[in-house]
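Presented below is the structure to which this report refers.
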Amino acid sequence: MNYRNLGKTGLQVSELGFGASSLGGVFHEFDEHRGIDAVFAAVDAGINLIDVSPYYGHYKAETVLGKALKDIPRDKFVLSTKVGRYGKDGKNTWDYSARRAKESVYESLERLHIDYIDIINVHDIEFQGRMEGGLQKVVDETLPALHELKREGVVRHVGITDLQLENLQWVIEHSPEGTVESVMNFCHYCLCDDKLADFLDFFESRGIGVLSASPFSMGLLTERGVPDWHPAPKPLVEACRKAADFCREQNYPIERLAMQFACSNERIASTVFSTTRPEAITKNIGYLSEPVDAEMVRKVQAIIGDQQRVSWANT
């Protein structure tokens, strides 16, 4: 396992990170014991970045993850969780107020059985952008509240996450220098969309560490294909299906190529993927033992064609 510096935080994170969203049953039902074993398998294999959120499974992911973390030495993992996006009774809720952010951090500490959070993120900031106060509320209220907790030692570093890269840039540009220490973006550094690359110079100029998530673009870049709820437009889904078919014909599973491509950019500190299967940890780490096949990347991206960088609204 290779490790990379996360901006100026002083944290070194594994090039492949474990996303705990699956532990919330976000994608499908799962066996909780196997999910916990997947966490153990990830840490045993050298993965030290673990990312979660209260939103995943409406608190379930943090609860299940906490059952694993209580049996793992604290120095073996870097824990990233979030505030701002939640859920109750099967419904999504959002609250980016300072008060709720602080409450959420302490609730997460309890569910996760830890004493401090390495990286606390404002989750999916575009939703606050749609509400009263807009993104300015993240700048004026949410981030300062998290920095109060940083001064108290409850959290160590503060970041923001979103699908829309422009929102990340806006908040950084409107915040005091050093307020945002890391960003997490998803579905924008993968075979069908590498838009994140356009923003790396900006993030690096501010000393901000970059995390990427979903190397398989939420199922687009898999042989199984997308779940019914996937928000991608149909032409993109079809283009990725054709790319997967091509990779199968070449005896080069698209998951293998997608993982290798997503982790190949050393300017991205870690790429987070989620699973509840211990064997999937081993398989994906194995993919990274080989360099990405540039010619295969070229052919697959040619098949995806004009659907490259086609995205969707966060929901």
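What to note about this one:
- Condition check for Ala213: touching a Cys at 6+ places or on another chain (Cβ under 9 Å) and within 23 Å of Leu11 (Cα to Cα): yes
- Residue in the stretch 258-278 that is without any contact (Cβ under 8 Å) to a residue 12 or more places away in the chain, part of a helix (DSSP H, G or I) and over 16 Å from the mean Cα position of the chain (by Cα) present: no
- Apart from one condition, Ala20 fits all of (1) surrounded by fewer than 24 Cβ atoms within 10 Å (Cβ to Cβ); (2) closer than 19 Å to Asn121 by Cβ; (3) in contact (Cβ under 8 Å) with a residue 40 or more places away in the chain; the exception is (1).
- Neighbours by Cβ (under 8 Å, 6+ apart or cross-chain): first from the stretch 230-250, without any contact (Cβ under 8 Å) to a residue 24 or more places away in the chain; second among the polar types (S, T, N, Q): Ala244/Thr222
- Of all residues in the stretch 197-220, none satisfies being under 22 Å from Ile303 (Cα atoms), in contact (Cβ under 8 Å) with a residue 40 or more places away in the chain and more than 17 Å from the chain's Cα centre (by Cα).
- Of everything listed in (1) of a type in the set (A, V, I, L, M); (2) more than 18 Å from the chain's Cα centre (by Cα); (3) closer than 23 Å to Phe203 by Cβ, the single unmet condition for Leu16 is (2).
- The C-beta contact set for the stretch 134-160 (first residue within 14 Å of Asp95 (Cα to Cα), second residue open to solvent by 10 Å² or more (accessible area, probe 1.4 Å) and β-branched (Val, Ile, Thr), distance under 7 angstrom, 6+ apart or interchain) comprises Leu143/Thr179.
- Test: Arg298 is over 18 Å from Ile47 (Cβ atoms) and either basic (Lys, Arg) or under 17 Å from the mean Cα position of the chain (by Cα) (or both): yes
- Count of residues meeting criterion [among the small types (Gly, Ala, Ser) and crowded, with 23+ Cβ neighbours inside 10 Å] in the stretch 105-132: 1
- So Val83, is it in contact (Cβ under 8 Å) with a residue 40 or more places away in the chain, touching a Lys or Arg at 6+ places or on another chain (Cβ under 8 Å) and either at negative phi or of a type in the set (A, V, I, L, M) (or both): yes
- Strands (runs of 3 or more DSSP E) within the stretch 23-102 that include 1 or more residues open to solvent by 10 Å² or more (accessible area, probe 1.4 Å) and modelled with pLDDT of 95 or more: 78-83, 91-94
The values are calculated or read from the model by the stated rules, or taken from the named source; none is laboratory data. Quick caveat: nothing in here was measured; it's all calculated off a predicted structure. Note: ideal-geometry Cβ built from the backbone for every residue, glycine included; neighbour counts use all protein chains shown. Just so you know, the surface numbers come from the protein's heavy atoms only, side chains and all, with ligands and any DNA or RNA stripped out. Shrake-Rupley method; radii C 1.70, N 1.55, O 1.52, S 1.80 Å.
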